[in-house]
Amino acid sequence: MKPINNTKIVLALTSILACGLNAQYSLFYGNLHSHTSYSDGVETPDIAFAYARDAAGLDFLAVTDHMEHLVPEPWNWVLAKNSAEDFNVDGAFVAIAGFEWSSPIYNHCNVFNTPDLLSVSTLWDLPDFYSDILDAQPAFVQFNHPGEDVTLNWNNLAYISPAVDSAFPLIEVKVFEQDSFYRMALDSGWHVAPVANQDNHSANWGTKNDSRAGIWATALTRESLFEAIKSRRVFSTQDKNASVWLELDETPMGSTAERRSLMRLRIILDDGGGEGWSSITVLGAGGTTLLALAPYPSRLDTTIEINPGSSNWIYLKAVQPDGQWIWSAPCFLMPDPLGETEPNPSDRPRSFGLDVSPNPFNSAVKITLDGVGAHLAPALVEVFDLNGRRVAQLPDDGSVGTDFTPALNDVADNYERDGASPSPTTRCFTWTPDETLPSGVYFVRARFDSRSLSGVEASGASVKRVVYLK
Ligand SMILES: [Zn+2]
Ligand SMILES: [Zn+2]
C-alpha cells in the first residue's frame, strides 16, 4: 500500500480505532429497484419477494413499479403494499413497496415510504415533483439510472433546497459511467450516497447480476434500513459480497464532519470471497484525486491522514482484479468558511469575532458579531446541523423553520434593545430554534461580503460550534 500526495499512514491510530464505528452496525445486501407485471415486468410482488429471499438470498427487496401504470389501476398499488406487509419479517427479510416516478423528460426516481402515489402531472413538472415529495414526508427518494435514455437528468441535478436535499439520500451508481453523475450531484450540493440496484423486468430479482445495494444498519427491519438510508450509511457494489466503510475523524460516511486541515480517514475495504483490490482512489470536489493506494491483496483496514482541501465531500471508489467496482457513500465536511471567497487579508476586518452564549444553551442563544463594520450589507448568518443541512438563516427567507430576533440589518433597533453591545461594530441577536429541532451540536456560520464607504471590498466568515440541550 502506497499513499501518495500529502498524506501519511498513521499506524498507531489504526490499533486505537480497531473496533471502528461500524462495529455497531450490521451489513445487509439487497436491491432497491425492481418491477413486476403491475408495470412492465413479470409476475406479482408475492413472487418477486419470495424469489429475492429464497433464490437470490437478498436481505431486502423493493418492488418499485412505474407510477403511471399504477395510477389507472390503484388496486395494484394496494396489492403491492399488502404483499410487502406479508413478506416483511423483522430479522429475516425486509420487503418494501415503493414506486418509480418515470418522467419522460427529467429521468426517473424511486419514491419510498409514502401511503399514496403522486399525481401523474408531476411527471412533466420537476418543481411540482419536488414540492409533492416535501408534502409527503417522511417520503425519501432515489435518483435512478442517471444518464440512461434521457438527456435532462433532473435539470442536470440542479440543487433545490436543504429540505428537498434531505429527502433525496440515494443515487444509483451501477456502472462506471454513472460515477460522473454521482460527483455532479455532490458538486451541486446534494447529500446523496450511491447504491447499485438491478431494475429487474424479468423473473430475476437479485440474480440478474452481482450488483447490490449495501446498507450498514442496526437491525434487519424496515425501520432500521430506512434510518440507515436517510443517514446514507450505504454503498454501491458490483460484487455481491464486497463492502466498504469510511469514517472521517470518527464521523461515519454519510454524515458531516467538522473541517480540519489534516483529518483521519479510516478505510475498511473487504470482500467476502477473499478478492483483493487493483486500485483504490479517494476523490474530492470536482473529481480531484486526494489519495490513491496501490493494489492491495485482501481486506484493507487502515487509517490515513488526509488534507480535504476546500472539498465539501470525499468518497472512495475501488476496483477488483475482475473489474467489479465499489463506491462508498461520501464523508461530508462543513462548508469551508473561506472557501467561497478568497479576499486579500488586508481587506479583512482586524477583529471579526463571532460569539455564542450561553453554550450549551437551552431555549435561545445570543449570537454576537464583532468588528464587522458599520457599513455591512449583505450579511448572512446560518445554522447547520451535523449533517451539513441548514436549519436556520438570517435574514430568514422563510425556507427554514426558525425564529431569529432582531433582524441583523435592523441596527438601530438592535442597539436600543441590547444595551450590552454599545460598540458600533457589534451586532447582537438571538436565535430561538424551532421546537421541532432536536437537541445536539449545531454550527453557527456568519459570512459577509460588503463594500465599505471607502470603497474597500471586505469579506470573511467565521464558524462557532454550539450545543443545544432541550
Ligand atoms: Zn427507470
Ligand atoms: Zn425501473
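Things worth noting here:
- Taking the average, over residues, of other Cβ atoms within 10 Å as the packing measure, peptides 22-29, 435-442 rank 22-29, 435-442 from highest down.
- Rounded if a/c under 1.5, otherwise prolate or oblate - segment 133-290, Cα gyration tensor axes: rounded
- With N as its number of residues, segment 8-333 has a Cα radius of gyration that, divided by 2.2 N^0.38 Å, comes to 0.96.
- Size of charge dipole - segment 161-227 - debye, nearest 20, with Cβ of Lys, Arg +1 and Asp, Glu -1, no other charges: 180 debye
- Charge dipole of segment 8-333 about the Cα centre (unit charges at C-beta), most positive-ward option of S224, Y38, N22: N22
- Counting neighbouring Cβ atoms within 10 Å and putting the fewest first, the residues K470, K366 line up as K470, K366.
- Highest-first arrangement of 237-247, 267-277, where packing means the average Cβ count within 10 Å: 237-247, 267-277
- Entries of K208/K240; K174/K240; K230/K470; K366/K470; K81/K208; K240/K317 with Cα pairs more than 22 Å apart: K230/K470; K81/K208
- Between S278 and S180, the simple spin-label model (points 7 angstrom out along Cα→Cβ) gives 2.2 nm.
- The charge dipole of segment 8-333, taken about its Cα centre with unit charges on the Cβ of Lys, Arg, Asp and Glu (plus for the first two, minus for the last two), comes to roughly 1220 debye.
Read-outs: derived from the displayed coordinates by stated rules, not from any lab. No experiment lies behind these values; they were computed from the predicted model shown. When we count neighbours, we look across all protein chains shown, and the Cβ atoms used for this are built from the backbone with ideal geometry, even at glycine.
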